């Protein structure tokens with residue numbers, strides 16, 4: 001019976017499931033008279049267990065050996081009084097009450113965490129078997145039979161790798177690309193339907209001004225969306241609620257043609273819909289905080305890291321220049337939803353006079369080497385205004401790299417005209433200064449021939465093009481981001497960052513456990529050729545900025561809440577530079593996340609090793 005099938009049941013049966021994994025811990029929890037006695041006995045038990053693992057008392061392979069030590073360390077961290085003080089609660093007290101039969105309100109995910117933790121500390125995680133062997137049990141036997149040396153070993157290993165590569169390709173193929181012929185044809189038909197509905201021509205379609213003028217927004221846009229695309233009841237309710245309360249949303253005609261118009265089940269176009277159709281919880285939170293959204297939604301505390309209007313500075317040599325407060329369409333999980341008021345709000349784009357004092361600030365700070373021009377979307381600016389900004393930076397010898405952060409290559413690629421790229425290319429001076437575009441592609445389904453053509457024009461003009469992917473639930477299915485990286489490289493885009501979604505409550509429907517992004521890096525990305533897996537998984541800490549999730553020393557697990565959510569403590573990378581205190585973060589429940597994947601048609605058993613990434 002799988003874990004998922006036994007997760008719910010009578011409390012006694014659930015407790016027995018836990019103690020079956022480690023009867024000794026169950027005995028300690030039941031017999032000790034105080035919390036501190038329990039803590040001391042458990043720490044002693046774990047230290048003895050750690051010594052036994054280290055001296056080889058258990059017959060463990062090296063992967064399981066390391067996993068056991070990591071699990072023991074995580075368990076001891078959870079038991080620490082200091083961890084409890086920081087987390088604001090005691091995981092041990094919750095576990096102890098549960099063990100003693102108290103009517104403790106704990107979620108199945110809490111029990112699942114300890115079931116897998118108990119397995120791991122004894123070297124029973126099976127994390128070393130990997131997803132492939134779990135899917136193909138006979139592969140485990142063939143792997144064990146492989147010769148250890150010589151040409152025969154190389155031949156047999158090559159045969160095994162052929163089979164593994166075939167399975168990886170099969171998994172990637174589950175996630176269609178916008179470069180697939182059948183998808184291209186499907187979208188050609190949908191484009192014609194959009195044009196018919198909006199009264200446009202093929203020439204109009206390729207005109208960025210026409211695209212901008214016909215962005216779906218407000219009540220007319222909602223009506224058009226509901227007429228053209230099959231939607232669920234929740235999607236319709238969310239859009240109508242956003243319209244009624246003037247919550248920003250918008251979809252370009254081009255992006256509308258990327259939907260899967262055959263079904264509303266999100267099995268194919270989940271990432272596309274998730275980008276522009278807000279969850280009902282998000283809309284309600286935006287409505288609730290309309291009066292105080294600058295305070296409620298500024299997760300990264302840009303107010304605290306802005307030396308002047310339109311500038312954010314969190315790093316020693318990098319600063320952000322925000323040149324607009326609007327976009328052609330609104331990303332539903334936008335970091336700056338506290339600033340964005342509407343799609344295509346042209347009045348939110350400043351003129352030269354408004355930008356000059358900000359550009360003067362950059363000229364007065366010679367320590368800035370890298371400038372990120374963002375917004376909103378900076379490619380909504382006219383070519384002339386963009387040229388003026390870049391010309392100002394070109395006169396600052398200390399600025400060696402200018403990045404333009406824009407989703408327009410994905411939402412309105414016809415904006416990337418030859419005139420625009422020729423202008424941008426004039427400011428690329430190899431050996432002196434480079435200009436690059438950093439875009440935001442969420443899925444292989446968004447990578448289209450139009451996007452690839454736009455990127456080709458940018459690259460031929462001398463610009464580098466990078467991608468920042470936000471690791472949402474819809475982007476987190478097995479091999480989803482692997483498929484995206486492959487499609488990105490086919491289009492000429494270099495993967496750059498994989499972002500953990502900003503941990504904002506209004507965006508909770510998008511959040512993924514930290515363990516899943518670590519699992520993806522180890523078990524999926526690493527199977528791709530190196531050129532496809534070169535991005536970096538990062539987590540954004542308020543006021544501080546990016547923390548590399550690969551750097552395990554920058555975080556520690558300090559608690560498990562009764563609702564199954566882990567609590568992490570992130571340590572500042574800028575030790576000794578700024579007074580930034582370690583920051584606690586309450587993660588998403590792994591158990592609940594797996595249930596959400598099941599709702600999307602995934603098999604939770606394919607993700608079974610997720611519990612062992614801390």
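What to note about this one:
- Each residue in the stretch 249-280 was checked for being surrounded by 20 or more Cβ atoms within 10 Å (Cβ to Cβ) and part of a helix (DSSP H, G or I), and 11 of them qualify.
- Highlighted here are the strands (runs of 3 or more DSSP E) found entirely within the stretch 505-614 that include at least 3 residues which are under 29 Å from residue 95 (Cα atoms): 555-560, 566-570, 583-586.
- Checking the stretch 323-330 against the condition returns a match, with at least one residue being buried (at least 20 other Cβ atoms within 10 Å of the Cβ) and either assigned by TED's automatic domain parsing to the domain that holds residue 212 or out of contact with any strand residue (DSSP E or B) (no Cβ under 8 Å at 6 or more places or on another chain) (or both).
- Residue among 601, 591 that is crowded, with 19+ Cβ neighbours inside 10 Å and under 30 Å from residue 137 (Cα atoms): 591
- Lone qualifier among 270, 218 - being out of contact with any helix residue (DSSP H, G or I) (no Cβ under 7 Å at 6 or more places or on another chain) and not assigned by TED's automatic domain parsing to the domain that holds residue 471: 270
- The stretch 104-122 - residue that is more than 17 Å from residue 16 (Cβ to Cβ) and surrounded by fewer than 22 Cβ atoms within 10 Å (Cβ to Cβ) and, of those, modelled with the highest pLDDT: 122
- Boolean, residue 166 is part of a helix (DSSP H, G or I), within 30 Å of the chain's Cα centre (by Cα) and without any contact (Cβ under 8 Å) to a residue 24 or more places away in the chain: yes
- Within the stretch 54-75, one or more residues are within 23 Å of residue 605 (Cα to Cα) and without any contact (Cβ under 8 Å) to a residue 12 or more places away in the chain.
- Among all positions in the stretch 233-248, there is at least one residue which is at pLDDT below 95, surrounded by 18 or more Cβ atoms within 10 Å (Cβ to Cβ) and in a loop (DSSP other than H, G, I, E, B).
- Filtering the stretch 137-151 to residues that are assigned to a helix (DSSP H, G or I) and surrounded by 11 or more Cβ atoms within 10 Å (Cβ to Cβ) leaves 139, 140, 142, 143.
- Helices (runs of 4 or more DSSP H) wholly inside the stretch 13-122 that include at least 3 residues being within 24 Å of residue 609 (Cα to Cα) and under 30 Å from the mean Cα position of the chain (by Cα): 62-79, 108-121
Yes/no matrix, rows are residues, columns are (1) within 16 Å of the chain's Cα centre (by Cα); (2) assigned by TED's automatic domain parsing to the domain that holds residue 312; (3) more than 17 Å from residue 108 (Cα to Cα):
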site: 518; (1), (2), (3): yes, yes, yes
site: 522; (1), (2), (3): yes, yes, yes
site: 525; (1), (2), (3): yes, yes, yes
site: 540; (1), (2), (3): yes, yes, yes
site: 554; (1), (2), (3): no, no, yes
site: 593; (1), (2), (3): yes, no, no
site: 597; (1), (2), (3): yes, no, no
site: 606; (1), (2), (3): no, no, yes
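- Of all residues assigned to the stretch 299-312, at least one qualifies as being part of a helix (DSSP H, G or I), without any contact (Cβ under 8 Å) to a residue 40 or more places away in the chain and either within 23 Å of the chain's Cα centre (by Cα) or under 13 Å from residue 507 (Cβ atoms) (or both).
- Test: residue in the stretch 364-375 that is in a helix (DSSP H, G or I) and at pLDDT 95 or above: no
- Any hit, the stretch 565-586, residues being more than 30 Å from residue 303 (Cβ to Cβ), surrounded by fewer than 21 Cβ atoms within 10 Å (Cβ to Cβ) and in contact (Cβ under 8 Å) with a residue 12 or more places away in the chain: no
- Checked against the criterion of being in contact (Cβ under 8 Å) with a residue 24 or more places away in the chain and more than 27 Å from residue 392 (Cα to Cα), the candidates 323, 243 yield just one match: 243.
- Scanning the stretch 457-500 for residues that are in contact (Cβ under 8 Å) with a residue 60 or more places away in the chain, in a strand (DSSP E or B) and in contact with a helix residue (DSSP H, G or I) (Cβ under 6 Å, 6 or more places away or on another chain) returns 467, 471.
The values are calculated or read from the model by the stated rules, or taken from the named source; none is laboratory data. Small disclaimer: the values here were computed from a predicted structure and weren't measured. Positions of Cβ are generated from backbone atoms using ideal geometry, with glycine treated the same way; all protein chains shown enter the neighbour counts.
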